[in-house]
1. When the residues of region 188-226 are narrowed to those that are among the β-branched types (Val, Ile, Thr), within 19 Å of Cys250 (Cβ to Cβ) and under 18 Å from the mean Cα position of the chain (by Cα), which ends up surrounded by the most Cβ atoms within 10 Å (Cβ to Cβ)?
2. Check whether at least one residue in region 61-72 is assigned to a loop (DSSP other than H, G, I, E, B), in contact (Cβ under 8 Å) with a residue 40 or more places away in the chain and not acidic (Asp, Glu), and report yes or no.
3. Among the residues of region 259-288, count how many are in a helix (DSSP H, G or I) and not basic (Lys, Arg).
4. Using beta carbons and a limit of 9 Å, which pairs, at least six apart or on different chains, have the first residue in region 180-197 and in contact (Cβ under 8 Å) with a residue 24 or more places away in the chain and the second one open to solvent by 50 Å² or more (accessible area, probe 1.4 Å) and of a type in the set (Val, Ile, Thr)?
5. Find all pairs meeting these conditions: Cβ atoms under 9 angstrom apart; at least six residues apart or on different chains; first residue within region 106-125 and among the charged types (D, E, K, R); second residue in a loop (DSSP other than H, G, I, E, B) and open to solvent by 20 Å² or more (accessible area, probe 1.4 Å).
6. Does Gly81 fit the bill of being surrounded by fewer than 16 Cβ atoms within 10 Å (Cβ to Cβ) and either touching a helix residue (DSSP H, G or I) at 6+ places or on another chain (Cβ under 7 Å) or among the basic types (Lys, Arg) (or both)?
7. Read through the list (1) surrounded by fewer than 19 Cβ atoms within 10 Å (Cβ to Cβ); (2) over 19 Å from the mean Cα position of the chain (by Cα); (3) assigned to a helix (DSSP H, G or I), then give the number of the only condition that Met91 fails.
8. Only one residue in Ala272, Ala281, Ala232 is surrounded by fewer than 20 Cβ atoms within 10 Å (Cβ to Cβ) and touching a residue at least 60 places away in the same chain (Cβ under 8 Å), so which one is that?
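The values are calculated or read from the model by the stated rules, or taken from the named source; none is laboratory data. As the structure is a prediction and not an experimental result, all values here were calculated from the model. When we count neighbours, we look across all protein chains shown, and the Cβ atoms used for this are built from the backbone with ideal geometry, even at glycine. For accessibility, only protein heavy atoms count, side chains too; no ligands or nucleic acids. Shrake-Rupley method; radii C 1.70, N 1.55, O 1.52, S 1.80 Å.
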Amino acid sequence: MECRVLSIQSHVVRGYVGNKSATFPLQVLGFEVDSINSVQFSNHTGYAHWKGQVLTAEELNELYEGIKLNKVNRYNYILTGYSRDTSFLEMVVDIIQELKKANPSLVYVCDPVMGDHGSMYVPEYLLPVYRDKVVPLADILTPNQFEAELLTGRKITTEEDAVEVMDLLHKMGPETVVLTSTDLPSKRGDQFLVALGSQNIVKADGTKTSQKICMDIPKVDAVFVGTGDLFAAMLLAWTHHHPKDLKAACEKTVSVMHHVIKRTMTYANEMAGPGKRPSPAQLELRMVQSKADIEKPAVVVEAQVLQKYSR
């Protein structure tokens with residue numbers, strides 16, 4: 001069966017963020033991807049210069065209307081990432097509602113991109129739109145710790161807090177929640193980052209089960225752009241292949257990330273030369289070169305099931 005994704009994200013001419021970061025890996029894994037570019041920039045904004053255009057809500061609606069008029073607006077998945085305009089985000093909500101009505105089994109994967117490390121990099125007025133309109137429609141949600149705290153109004157300082165926040169997010173709508181990064185201390189030391197996941201499953205007999213997992217991910221001393229977009233796309237793909245096994249889906253997702261980042265870091269350091277920090281251009285993800293790892297990732301990060309929170 002053909003599996004089709006509508007991905008509404010940013011686009012760059014050079015490099016890998018947004019749709020450029022999500023489309024190729026999804027296609028490699030056999031998904032048909034229809035992409036709408038929320039912005040069209042020359043490159044990501046971590047460079048010294050960038051130029052480009054931003055898609056308006058009206059233009060988004062016009063593109064979607066064209067798809068609809070041809071009766072090809074049936075999707076298995078919707079994937080959304082960065083947006084910085086209220087009317088645009090509300091138009092995305094309208095489109096998702098319409099597509100879910102047409103296909104009730106459609107899965108919406110939402111990366112609620114709002115900020116990190118205690119500061120927002122989108123306007124604050126987007127928060128209520130995400131919290132009240134977007135998240136209730138999402139089936140899979142991939143916030144970082146700061147975004148999860150914004151959405152629930154709860155701080156995370158312990159593993160128990162993280163589990164509570166994920167449960168609060170479940171109550172808002174999504175069946176699967178993955179906190180892609182947290183500030184929680186890793187049992188394996190300060191060279192590791194802690195990520196957590198939670199999945200609620202309704203079994204065939206109607207009973208509900210919940211699986212909570214935790215992952216220790218090796219840290220890399222560099223700033224990468226587009227990794228969050230890749231994470232959300234890979235979680236979409238691997239939950240499709242492992243719909244009731246969040247542990248397996250997250251292990252493959254994080255392992256793909258590990259292989260891509262490792263290859264990127266090796267290349268960037270070679271290009272920069274000894275003792276020099278790589279430039280944003282040298283740190284662009286080595287996506288095409290990682291095709292084999294995307295298709296069949298060797299699992300290098302194992303997830304632990306948090307038994308005391310799973311039921």
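1. Checked region 188-226; the qualifying residue surrounded by the most Cβ atoms within 10 Å (Cβ to Cβ) is Ile213.
2. The answer is no, given that none of the residues of region 61-72 is assigned to a loop (DSSP other than H, G, I, E, B), in contact (Cβ under 8 Å) with a residue 40 or more places away in the chain and not acidic (Asp, Glu).
3. The qualifying residues number 13.
4. Qualifying pairs under 9 Å: Asp183/Thr157; Leu184/Thr157; Leu184/Thr158.
5. Pairs that qualify, where the first residue is among the charged types (D, E, K, R) and the partner is in a loop (DSSP other than H, G, I, E, B) and open to solvent by 20 Å² or more (accessible area, probe 1.4 Å), are Asp111/Tyr82.
6. no
7. Single failed check for Met91: (1).
8. Ala281
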